[in-house]
1. Work out Dmax and Rg for the chain from the C-alpha atoms and quote the Rg first, both in angstrom.
2. Exposure proxy check: LYS387, LYS412, LYS133 ranked by fewest other beta carbons within 10 Å?
3. Let me check I've understood the local charge: for VAL298, count other residues with C-beta under 10 angstrom from its C-beta, Lys and Arg +1, Asp and Glu -1. What total comes out?
4. Which percent, to the nearest 5, of DSSP beta bridges fully inside the chain are antiparallel?
5. Any idea what the relative contact order of the chain is, in percent, if you count C-alpha pairs under 8 Å spaced at least 6 apart?
6. Calculate the tail of P(r) for the range 131-206: the fraction of all Cα-Cα distances greater than 14 Å, expressed in %.
7. Please identify every one of the chymotrypsin sites (Phe, Trp or Tyr not before Pro) in the range 447-489 that sits in a loop by DSSP and has no more than 12 other beta carbons within 10 Å of its own beta carbon.
8. Give the aspartates and glutamates whose C-alpha is closer than 20 Å to that of LYS387, dropping any in the same chain fewer than 8 places away, or say none.
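All of the numbers you see were taken from the coordinates with simple rules; none came from a lab. Keep in mind that what you see is a predicted model, and the values were worked out from it rather than measured. Virtual Cβ from ideal backbone geometry, glycine too; neighbours counted across all protein chains shown.
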Amino acid sequence: MSRIDKEALSLRAAAYVRMSTEHQQYSTCNQMEAIRNYAKLRNLEIVKEYSDEGKSGLSLQGRDGLSQLIRDVQSGEADFSTVLVYDVSRWGRFQDADESAYYEYVCRRCGIRVQYCAEQFENDGTPLSTIIKSIKRAMAGEYSRELSNKVFQGACRLAQKGYKLGGNSGYGVRRMLVDQNGRHKTILQPGERKNIQTDRVIIVPGPSEEIRVVHWIYGMFIDERKGELEITRLLNARGIRTETGRAWSHEKVHLVLTSEKYIGNNIYHRRSCKLKGKLVTNPPEKWIRADGVFQGIVDRERFLQAQKIIRWRNHDFTDAELLGGLRDLLKLRGRLTSTLIKEDRDLPCVSHVAQRFGSLSAAYQVVGYKPRLDYRLAKVNRRLFEKNLTLIAFLIEQFGKLGATVKWNRRKRTLLINDEVRVNVFVMRHCLSPFGTARWFIRRSPRVRPDILIAGRMDARNDQILDYFCLPGLDAVWRTKIFGEENGLDLDAYRFPSLDFFLGLVARIKLQEAA
């Protein structure tokens with residue numbers, strides 16, 4: 001770059017502005033006006049603008065403007081030498097002041113200065129400016145912490161007064177908009193929010209047909225001893241939909257049975273995510289409660305009965321209790337399955353049973369039940385899945401060594417070689433026919449049309465691959481195929497002890513060698 005180009009670049013600047021929802025003084029228009037005046041006094045030309053409107057300064061996530069600025073600077077394609085920012089807080093209110101310093105350092109390392117136009121110091125790297133800037137960064141982060149605490153305290157007061165703070169209403173109830181005097185205004189539809197600061201939202205009973213369904217759910221759970229999964233199936237079989245028009249789920253039914261809003265209680269702060277941190281589930285002692293502030297639609301005694309059942313189901317079962325419950329279920333139903341265990345209200349969740357005994361099949365064995373499905377096959381299938389992935393990785397590595405390009409389509413289980421040849425890769429499990437002879441199965445989608453199909457046959461223990469079939473795709477038009485020890489010339493002609501022959505077909509050679 002010539003001396004003239006360097007001088008011209010030194011007078012070119014980019015502007016970065018950010019506005020969240022704090023004050024009008026921080027509107028992007030006001031920021032740009034101050035930045036332009038700063039640039040004019042220093043004979044700087046603003047050649048590019050980066051903007052983040054309505055974005056929090058707590059992190060880089062979601063701030064496309066600053067992210068793009070950093071990318072442009074790091075790429076070396078930035079046609080400016082200075083970044084102009086209104087003040088330190090517009091650069092960010094990072095909770096770790098070092099994070100704010102890091103992004104500024106990234107710019108400085110690439111030869112780009114960062115100047116703060118509304119601050120009382122020049123960002124010139126002197127000890128005084130460095131100290132003041134560090135204090136400003138800490139103050140910017142502290143402002144967010146203080147504001148977060150004030151907002152939280154205000155939200156807690158509103159929750160204790162019986163106002164709903166965010167979220168949907170749920171089935172059987174609705175959100176009612178009220179004015180500052182508590183007078184009802186209108187029912188808020190899903191997705192609607194209040195638009196007047198003094199208005200509030202409360203919970204009121206919903207449509208009568210939904211309230212009847214809620215009572216029916218409690219009746220099924222308490223009186224008919226039906227679990228959430230069975231209640232879910234009954235609701236969907238009757239064509240009953242949730243308040244959003246969707247099908248019922250196990251989780252939705254469980255929410256109806258456990259949410260205290262159905263008896264008029266307002267619960268806030270069950271979960272929290274402060275200052276862009278991680279979502280945290282808070283213990284009950286940290287919840288903000290207001291009892292009896294809504295008009296309930298479920299009798300309190302019925303609600304407590306349901307909670308007693310759920311607590312019993314989730315208590316710490318002894319081995320004897322678990323095995324006794326499984327034996328009772330086996331005697332009642334004549335069989336054991338994960339679905340039946342999930343439906344039984346006297347047993348914990350399936351994962352709890354499996355974890356206690358090592359697996360469901362182990363628990364079945366202890367109670368003397370032999371399922372029709374051999375659960376040992378699940379372990380074999382997992383091992384074959386891993387073997388299949390290993391085979392694919394091996395092929396990709398070998399193709400790369402041979403100078404071929406390879407692309408893997410996971411959904412279609414297809415390798416695309418040199419953008420020309422499509423290869424399906426399978427591993428076939430060894431099993432025995434009713435007559436004791438070895439056989440191997442392969443199942444595939446007929447909609448996937450490969451040029452070549454590679455199928456490896458496993459040994460009797462399903463540990464190692466015995467040999468391979470490299471079949472032309474034109475011959476693989478079937479969905480399911482059974483292989484035996486001997487398969488006739490039409491299949492065995494394509495059987496190989498290894499994949500060396502196939503890899504030799506893929507290898508690229510020079511033209512003079514081919515000639």
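1. So, for the chain, Rg and Dmax equal 33.8, 95 Å respectively.
2. Values: LYS387 18, LYS412 15, LYS133 22.
So the residues, fewest neighbours to most, are LYS412, LYS387, LYS133.
3. Values: positive: LYS261, ARG300, ARG302; negative: GLU260, ASP299, GLU301.
Charge balance near VAL298 sits at 0.
4. On the way: 40 of 62 bridges.
So the antiparallel bridges amount to about 65 percent of the total.
5. On the way: 735 pairs, mean separation 36.5, N = 515.
RCO, the chain: 7 percent.
6. Values: 1942 of 2850 pairs.
The proportion of pairs with Cα distances above 14 Å equals 68 percent.
7. Details: sites: TYR468, PHE469, TRP478, PHE483; in loops: TRP478.
Hits after loop and neighbour filter: TRP478.
8. LYS387 reaches GLU397, ASP459, ASP463, ASP467, ASP500.
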